[in-house]
Amino acid sequence: MKKVKFWVLIVVLVLLAFADGLLTFINTPDLSMEGNPLVARLGLGWEALAIANILVLALMFITAYYSYFKYKTIYTNETKFTAYCSQIIYDRTDMFWKGLIPKHITPYIAGLGFSGLYALIIARAILVFEWLCITFNATWANAYFTFRNTYCFGRVDVFVAVVFAIIGVFFWFYKEFKKQLNK
């Protein structure tokens, strides 16, 4: 089941990335309406956009693959969530609110692989939605674009992805904690 879920999520992410790129090309072949900082701030073109997207997709694939298939749950005797997280990351039970530099990075990588996959899918879906609104001149979406530009610096996708990724990492750690409690 894990294998099917992983591949379905990867395929969805790649299809959304392709749809985003295609809709970008249809609506702004000269990239004048593109919001990606590589284009909007640095003035780079399609090549940089393509390379950045390929790198992000590759990194996401690697971390998600690690999370779904390679990471092994770490079992401890801890019965409190914060003590468990602190133990598997810092080898101490009292560092959850104090620790900055982890002793073990693999739980973070696995957590980011899990949550990042979902966060990127949601971010890409938002981008595809925005491009579809532009493509079909959806005047009903003007309120959304006003909200986006006023409160989210024009990047709802980034805001939602970051919030979702943070929540997802905590959710992943909680799932691992529950797994080890039920050993």
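Based on alpha carbons, the Rg and Dmax found for the stretch 1-73 are 15.2, 48 Å. Relative contact order of the chain, taken over Cα pairs closer than 8 Å and 6 or more residues apart, is 27 percent. The calculated Kirkwood hydrodynamic radius for the chain is 18.4 Å, given to one decimal from all distinct C-alpha pairs.
In the context of the full set of protein chains, the stretch 67-145 has a per residue accessible area of 55 Å² (1.4 Å probe). Seen from all directions on average, the stretch 91-183 presents a Cα convex hull projection of 8.4 nm². Other residues with beta-carbon under 9 Å from the beta-carbon of LYS103 carry, at +1 per Lys or Arg and -1 per Asp or Glu, a net charge of 0. Taking one quarter of the surface of the convex hull spanned by the alpha-carbon atoms of the stretch 50-130 gives a direction-averaged projected area of 7.0 nm². A straight line joining the Cα centroids of the stretch 86-103 and the stretch 109-145 runs 34 Å.
Residue pairs exceeding 24 angstrom between C-alpha atoms, taken from LYS98/LYS183; LYS5/LYS80; LYS2/LYS175; LYS70/LYS98; LYS5/LYS98; LYS80/LYS179: LYS98/LYS183; LYS5/LYS80; LYS70/LYS98; LYS5/LYS98. Between ILE105 and ARG41, what FRET efficiency follows from the Cβ-Cβ distance if R0 is 25 Å, with the result rounded to 0.05? That pair, ILE105 with ARG41, gives E of 0.25. Positive end of the dipole of the chain (Cβ unit charges, origin at the Cα centre): among GLY21, LEU55, VAL39, the Cα lying farthest that way belongs to LEU55. The trypsin sites (Lys or Arg not before Pro) found in the stretch 1-43 that occupy coil by DSSP, while having at most 14 further C-beta atoms within 10 Å, are ARG41. Where in the chain are the DSSP H helices whose C-alpha atoms run 20 Å or more along the long axis and whose mean Kyte hydropathy is at least 0.5? What comes out of the filter, once short or polar helices are dropped, is 2-27, 46-65, 106-135, 156-181.
Helical content of the chain, expressed as a calculated mean residue ellipticity at 222 nm, amounts to -23500 deg cm²/dmol (DSSP H runs of 4 or more residues, -39,500 (n - 2.57) each, divided by residue number, nearest 500).
If you average the C-alpha positions of the stretch 151-183 and of the stretch 21-56 separately, how far apart do those two centres end up, in angstrom? The two parts, judged by their Cα centres, are 27 Å apart. With a simple spin-label model that places each label point 7 Å from the Cα along the Cα-to-Cβ direction, the separation between PHE61 and PHE159 comes to 3.2 nm.
The values are calculated or read from the model by the stated rules, or taken from the named source; none is laboratory data. Small disclaimer: the values here were computed from a predicted structure and weren't measured. In this analysis, Cβ positions are derived from the backbone assuming ideal geometry, glycine residues included, and neighbour counts consider all displayed protein chains. What goes into the accessible areas is simple: the full protein's heavy atoms, side chains included, and nothing from ligands, DNA or RNA. Shrake-Rupley method; radii C 1.70, N 1.55, O 1.52, S 1.80 Å.
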